[in-house]
Amino acid sequence: MFCRKCGTDVGNSRFCSNCGAEVAPSGNGGPCYIEEHRTVNKIAYGLIALLIGGLGIHRFYAGKWISGIIYILFCWTGIPSIIAFAEAIVAFCREDDGYGNIPVYDDRYFV
């Protein structure tokens, strides 16, 4: 079982040993599980997005293949470069997990 707040494996404990958050029970009386999420290196992701993000390479690095292909298809417009610049800023401002990694969530709005 994983903590909803920080993603740490909490086993069967009711509280997270890393951040202290309470693990909420699910509707069936058992503990509530969250999906595993992939993590990427914050500096690498941010630099790739900043330098060559207009081609969508940072999206491929994060495992987001469909959006990476969309970035490549529209790279001639310059719009992916603007979006990648914003994504780089967000990545640099996001808090890491202590090892320099940031989570890449399974965001359904932009695969």
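Quick notes on this structure:
- Cα pair distances exceeding 15 angstrom across region 38-104, given as percent: 45
- Under 5 Å from the amide H of Asn101 lie the amide H atoms of Lys42, each residue being 5 or more positions distant or on a separate chain, with H modelled from the backbone and absent for Pro and chain starts.
- Entry note, region 47-109: relative contact order of 32 percent, from Cα contacts under 8 Å with a spacing of 6+ residues.
- Here the spin labels are modelled as points 7 Å beyond Cα on the Cα-Cβ line, and at Ala86 and Ala44 they lie 2.6 nm apart.
All of the numbers you see were taken from the coordinates with simple rules; none came from a lab. Owing to the predicted nature of the structure, the values given are computational and were not obtained by experimental measurement. A quick note on method: Cβ atoms are made from the backbone with ideal geometry, for glycine too, and the neighbour counts reach across all protein chains shown.
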